[in-house]
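J.: Okay, handing you the structure first.
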Amino acid sequence: MNYAELTAAIQDYVQSEFTGTELATFVQQAEQRIYNNVQFAYLRKNVTGVLTSGNKYLSAPLDFLSTYSLAVIDDDGDYNYLLNKDVNYVRQVYPSGTYEAIPKYYAIFGPTIVSSALTNDLSFIVGPTPDQSYDVELHYYFYPESIVTAGTTWLGDNFDSALLYGALVEAYTFMKGEQDMMVLYDTKYKEALALLKNLGDGKQRGDAYRDGQLKLPVS
């Protein structure tokens with residue numbers, strides 16, 4: 001289901017016309033709810049960067065939401081996955097920052113300061129302070145481009161039921177619609193979300209070799 005089909009369906013279901021701005025808001029709110037309820041593979045991105053010698057800070061990507069993994073690549077090409085800790089822990093274990101070695105820990109430090117101005121961009125702090133420049137690989141969660149601007153997305157192509165009913169809940173809330181229909185749309189949304197969680201939090205995290213094939217009891 002592309003964006004044009006989605007918006008047409010929303011208006012057909014509720015028998016009402018909305019402005020383009022209102023429809024975009026309904027859909028984007030639904031996307032945000034879905035993306036924060038299910039961690040499926042489509043929401044993960046992989047990037048590389050560099051930790052420089054003597055600098056314990058690393059800028060996060062602009063679209064960064066949360067970390068899946070952060071690894072430092074050593075001279076042998078081996079991946080050394082850093083352990084996530086609180087900033088206080090890193091500060092206490094390596095208080096002076098003068099002890100330098102290959103980093104073992106990281107924490108989300110907070111907004112980046114550029115030319116004395118606080119920005120909205122997050123950064124990481126690592127410990128110990130890097131003793132040389134290291135390549136790093138960050139695997140992280142992000143919001144993919146909305147179907148509002150992209151026209152088509154993975155969610156719209158593969159799980160349009162969750163997107164449709166999520167947007168209907170937002171639209172009917174905006175309309176202050178009747179309670180029985182609100183309950184119906186919300187129930188259908190939760191049913192679609194449960195199926196999506198079965199995919200993202202279930203099937204995509206295992207395979208038949210490790211977990212065995214799904215078996216239903218035979219009576």
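The values are calculated or read from the model by the stated rules, or taken from the named source; none is laboratory data. All of these numbers come straight from a predicted model, not from anything done at the bench. Here the Cβ positions follow ideal geometry from the backbone for every residue, glycine too, while neighbour counts run over all protein chains shown. These area figures cover heavy atoms from the full protein model, side chains too; ligands, DNA and RNA do not enter into them. Shrake-Rupley method; radii C 1.70, N 1.55, O 1.52, S 1.80 Å.
J.: Please give the contour-minus-distance gain from TYR81 to PHE142: 0.36 nm per residue of separation, less the Cα-Cα distance, rounded to one decimal in nm.
T.: On the way: separation 61, 0.36 × 61 = 21.96 nm, distance 2.01 nm.
Stretched fully, the TYR81-PHE142 segment lengthens by 20.0 nm.
J.: Counting pairs of alpha carbon atoms under 8 Å apart in space and at least six apart in sequence, what relative contact order in percent does region 1-126 give?
T.: On the way: 115 pairs, mean separation 26.7, N = 126.
Across region 1-126, relative contact order equals 21 percent.
J.: When the chain is fully extended, how far beyond the present Cα-Cα distance does GLU100 get from THR52, taking 0.36 nm per residue of separation?
T.: 16.1 nm
J.: Relative contact order, percent, of the chain when contacts are C-alpha pairs under 8 Å separated by at least 6 residues?
T.: Working: 346 pairs, mean separation 65.1, N = 219.
RCO, the chain: 30 percent.
J.: Taking 0.36 nm per intervening residue step and subtracting the Cα-Cα distance, what contour gain separates TYR68 from SER133 on full extension?
T.: Numbers: separation 65, 0.36 × 65 = 23.40 nm, distance 2.24 nm.
So the chain would gain 21.2 nm between TYR68 and SER133.
J.: Oh, and also: Among the listed pairs LYS104/LYS190; LYS85/LYS190; LYS45/LYS104; LYS45/LYS190, give every one whose C-alpha distance is greater than 30 Å.
T.: Working: LYS104/LYS190 41 Å; LYS85/LYS190 34 Å; LYS45/LYS104 22 Å; LYS45/LYS190 26 Å.
The answer is LYS104/LYS190; LYS85/LYS190.
J.: Could you size up the charge dipole of the chain around its Cα centre, putting +1 on the beta carbon of Lys and Arg and -1 on that of Asp and Glu, and report it in debye to the nearest 20?
T.: Working: 15 positive and 27 negative charges, 126 e Å.
Once rounded to the nearest 20, the dipole reads 600 debye.
J.: Classify the chain as rounded, prolate or oblate from the Cα gyration tensor: take a ≥ b ≥ c as the square roots of its eigenvalues, call it rounded if a/c is under 1.5, otherwise prolate when a/b beats b/c and oblate if not.
T.: On the way: a/c = 2.91, a/b = 1.79, b/c = 1.62.
Since a/c reaches 1.5 and a/b is larger than b/c, the shape of the chain is classed as prolate.
J.: With a probe of 1.4 Å, find how much accessible area the chain has per residue, and write the answer as a whole number in Å². It would help to have the intermediate numbers written out before the result.
T.: Numbers: 12770 Å² over 219 residues.
I get 58 Å² per residue for this part.
J.: Continuing with this model, one more query. List every DSSP H helix in the chain whose Cα atoms extend 20 Å or more along the helix's own long axis and whose mean Kyte-Doolittle hydropathy is at least 0.5. Write down the numbers at each step before the final one.
T.: Details: long enough: 20-35 (22 Å, -0.39); 160-175 (22 Å, 0.89); 179-200 (31 Å, -0.10).
Sorted by number, the helices that extend far enough and score high enough are 160-175.
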